[in-house]
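Input: a single structure, listed below in structure tokens.
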Amino acid sequence: MDLDVEGEVSDLRVHKSSGHIYLTLKDDKSRIKVFYRDGIKDVLFDLQDGQKVIVTGYVDFFEKTGDAVFNADKISLYGQGALYEKFLQLKAKLDSEGLFDADNKKKIKEFPKSIALISAQGSAAIKDTINVIKRRNNIPDILIFNSLMQGIKAADEVSNQIIRINKLKCADVIIIARGGGSYEDLYAFNDEKLARTIYSSEIPVISGIGHDIDFTIADFVADLRAATPTAAGELVCKPKSSLYQELYEMAKTAKKSIESQYTIEKTRAEFLQGALKRLSPVANSLDFLKSLQDLISRMRLSLDSKFYARVNDLKLMKNSLYLNSFKKKISSMKDDLNNLKNRNMRVLNFSINSRLIDNKNMLKHLELSYKSSMKRQSYEILSLRYRLEKFNKKIGYPRIMRKGFPVFSIDDLSKDDLVSLVFKDGACKALILDFEEK
């Protein structure tokens, strides 16, 4: 039959290899030796000399010596120590089930629209928490849910309020606020049912219980632990200045995005305009004629250069030799020059005719390509024009029209020109008086 023996620990020895515990349990009148087999695995608290404990077990006797030994099955702290032991046991149990894991913590909104505050009616914790929230950010609504915050019914009432808030879906975050107190005063927040209710809440929970040094099971299982109710008010939402800064950054990003899109569309329009010019058969014909004129000029220069080179050779020969002895040779060289000139002219005419035929065929092909391209590019330009008009209307800039055509540069205008300014909601006339270049 197991007995419970109360006393003070002395002569404590722990055998590290076996895990056995040896100690003497004493009071002001007597003492008895205690043996706890593998006790190191079962004792959750830090067992020390001088502690008051309750040892559960049975008495055994050694026949040879007649000594009595108390074989322990369990060692518990006495009084408040017993509560602490229960706290450690529950903490170990819930931790093994993953209720404290960081991966299971729910994310809390940086700027919640509504906050549910669970606390005792008229308590300082309510006032302190609300004052801090309003001072930092007066945007969120604060909903107060009254509850007992100590005693045997406190854990059930707090659990019920958490369940009620989840059913109403009236808040973005829940704060449990309870000021400081003794270990026994805060023990309601070491309740297993309350811990599981906090863990199961779909709405994130912030615990603001006691002071910096106080830790409860509710603190471990909550999505965020605040050292005090006041600290909970500071952690629940960012100050309003942070919101203004974020809005400013968002506006800056949006402006950059609009400017970037406008630059892309403008570049695309310029590219399409250049492509139309390159595909124009008139422009290609002019380029061909210019190339043909350059070819003819180069061939003439080449013929003239060769002709005058031969003439200079003849003059030199005439000056250095007798004219009569070279008449026949000169006549022959003249014939050669004429033949060369005629042959070059034939080559030139043939090359020109061949180029003309090729370019006539190319012009026909370009004309067909031009018509097809113009049709396709017209659709693209109409689409681009629509997008640019839509874009300009969004940012508020008017379109400038002169004689029914859009104006893109001051080079397209003259002094005393009458232009139309087309806004998104109407149009007006304007007279050009002067120019100012950037």
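The values are calculated or read from the model by the stated rules, or taken from the named source; none is laboratory data. From a predicted model like this one, the values you see are computed outputs, not experimental measurements. Cβ: placed from backbone, ideal geometry, glycine included. Neighbour counts: every protein chain shown.
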- Do you know which residues across segment 47-75 are of a type in the set (A, V, I, L, M) and either closer than 17 Å to residue 31 by Cα or in contact with a Cys (Cβ under 7 Å, 6 or more places away or on another chain) (or both)? 53, 54, 55, 59, 68, 69, 72, 75
- Residue satisfying all of: in segment 115-129; within 18 Å of residue 165 (Cα to Cα) and surrounded by 14 or more Cβ atoms within 10 Å (Cβ to Cβ); farthest from the chain's Cα centre (by Cα) among these: 120
- Which one is surrounded by the fewest Cβ atoms within 10 Å (Cβ to Cβ), of the residues in segment 34-52 that are in a loop (DSSP other than H, G, I, E, B) and without any contact (Cβ under 8 Å) to a residue 24 or more places away in the chain? 46
- Which members of segment 110-146 meet the condition of being assigned to a strand (DSSP E or B), farther than 23 Å from residue 181 by Cα and not aliphatic (A, V, I, L, M)? 114, 141
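Here is a yes/no grid of residues against (1) surrounded by 12 or more Cβ atoms within 10 Å (Cβ to Cβ); (2) modelled with pLDDT of 70 or more; (3) in a loop (DSSP other than H, G, I, E, B); (4) more than 55 Å from the chain's Cα centre (by Cα):
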position: 343; (1), (2), (3), (4): no, yes, no, yes
position: 348; (1), (2), (3), (4): yes, no, no, yes
position: 378; (1), (2), (3), (4): no, no, no, no
position: 382; (1), (2), (3), (4): no, no, no, no
position: 391; (1), (2), (3), (4): yes, no, no, no
position: 422; (1), (2), (3), (4): yes, yes, no, no
- Message: Going through 187, 183, 199, 262 one at a time, which residue ends up being in contact (Cβ under 8 Å) with a residue 40 or more places away in the chain and over 28 Å from residue 104 (Cβ atoms)?
- Response: 262
- Task: Inspect all residues belonging to segment 154-166 and state whether any of them is of a type outside the set (Gly, Ala, Ser), assigned to a loop (DSSP other than H, G, I, E, B) and more than 19 Å from residue 91 (Cβ to Cβ).
- Result: no
- Exception for residue 110 within (1) out of contact with any Asp or Glu (no Cβ under 8 Å at 6 or more places or on another chain); (2) surrounded by 13 or more Cβ atoms within 10 Å (Cβ to Cβ) falls at (2)
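Considering only segment 206-226, state which residues are modelled with pLDDT under 90 and buried (at least 18 other Cβ atoms within 10 Å of the Cβ). Steps first, please.
At the first step, the residues of segment 206-226 found to be modelled with pLDDT under 90 are 210-215.
Correct list: 210, 214, 215.
Yes or no, residue by residue, for (1) charged (D, E, K, R); (2) surrounded by 14 or more Cβ atoms within 10 Å (Cβ to Cβ); (3) outside the structural domain of residue 187 (by TED's automatic domain parsing); (4) touching a residue at least 40 places away in the same chain (Cβ under 8 Å):
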{"position": "16", "(1), (2), (3), (4)": "yes, no, yes, no"}
{"position": "28", "(1), (2), (3), (4)": "yes, no, yes, no"}
{"position": "32", "(1), (2), (3), (4)": "no, yes, yes, no"}
{"position": "54", "(1), (2), (3), (4)": "no, yes, yes, yes"}
